[in-house]
Structure formats: C-alpha cells, structure tokens
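The values are calculated or read from the model by the stated rules, or taken from the named source; none is laboratory data. No experiment lies behind these values; they were computed from the predicted model shown. Cβ placement follows ideal geometry from the backbone for every residue including glycine, while neighbour counts extend to all protein chains displayed.
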C-alpha cells in the first residue's frame, strides 16, 4: 500500500511539472490594439422624439369577475381622474359588449370624491341572445362627462 501511495505521488509531481513546462513554453498572446474613443455630439438629444403629454382626464374600468357564469351578478368599477386626482360629480354611462350583442346599462352614477363609480350587472336578467354557447363577456365601454369634458374608455 505504501508503494502505491509513493507511485501516485511521483506521478502527480511529474504531471504538475510537465504542465508548468508546457505553460511556460506556450505561445504569447498578441497585444490588443486600443480602440478609438466614442464622442457623442451635443445635438444628440435634440433628435429624439418628444415625450407625449398626459391627457388632463384619464379613465379606466374593471370588473369584479372576468369569467362570470350566466346566472352571475357582477360589478363593473370605473374611475375618472383629472391631472391624476379623482374627479367627483362626473356622470358615467356604460355599455357591455357580448358576443351576441351589446347591453347599455341604464344606471348613470355620479363619481365620488375619489372619482370612482360602480355599475351592477345581473347577467341572468339579460336577453338570452347575449349568451352564446358560454356567456362570452367581451368588454365594457365606460364614458364620463364632467364640466363639458368627455372621457371614454374603449
């Protein structure tokens, strides 16, 4: 056993010495030529497209259930803002679009202090033509009116 250990040590020392010799005698890498510096002209930013302005009035809507069944009641929430602050007193209307047709909601809520409104939609009260095979609820358009300004979400 002692003899095998000695042989392994000698073989390891020989391989290490051979590796050092091959590395020392190897080819030297070529020097990399320095690259020219890049200069950005002062007129660079003048050629960029301008940042679009945010409209004064913004509105958005979402529903309480994105996959309702035909006997469900869902709530459609909407919000209107002016300069990113909620607008109170804006009158809202909503049209729900289904695969089988459109349904205008006869509720006309006014927005609260945060700019929020909600519409209740009882799907079981709608005409059955709106429910093709699986009650396909596509999307809702909400419109707000405030001081002669209209904000429409499509």
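Data overview
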item: Filtered residue count, the stretch 75-85, keeping only those that are surrounded by 13 or more Cβ atoms within 10 Å (Cβ to Cβ), free of Cβ contacts under 8 Å to residues at least 60 places away in the same chain and under 16 Å from residue 96 (Cβ atoms); result: 1
item: Unique match (being in contact (Cβ under 8 Å) with a residue 24 or more places away in the chain, surrounded by fewer than 17 Cβ atoms within 10 Å (Cβ to Cβ), part of a loop (DSSP other than H, G, I, E, B) and touching a helix residue (DSSP H, G or I) at 6+ places or on another chain (Cβ under 6 Å)) among 66, 71; result: 71
item: Complete set of residues in the stretch 91-113 that are under 16 Å from residue 79 (Cα atoms) and part of a loop (DSSP other than H, G, I, E, B); result: 107, 108, 109, 111, 112, 113
item: Scope the stretch 114-142; condition buried (at least 18 other Cβ atoms within 10 Å of the Cβ), at pLDDT 80 or above and part of a loop (DSSP other than H, G, I, E, B); matching residues; result: 115
item: Any hit, the stretch 95-105, residues being within 25 Å of residue 152 (Cβ to Cβ), within 24 Å of the chain's Cα centre (by Cα), surrounded by 10 or more Cβ atoms within 10 Å (Cβ to Cβ) and at pLDDT 85 or above; result: no
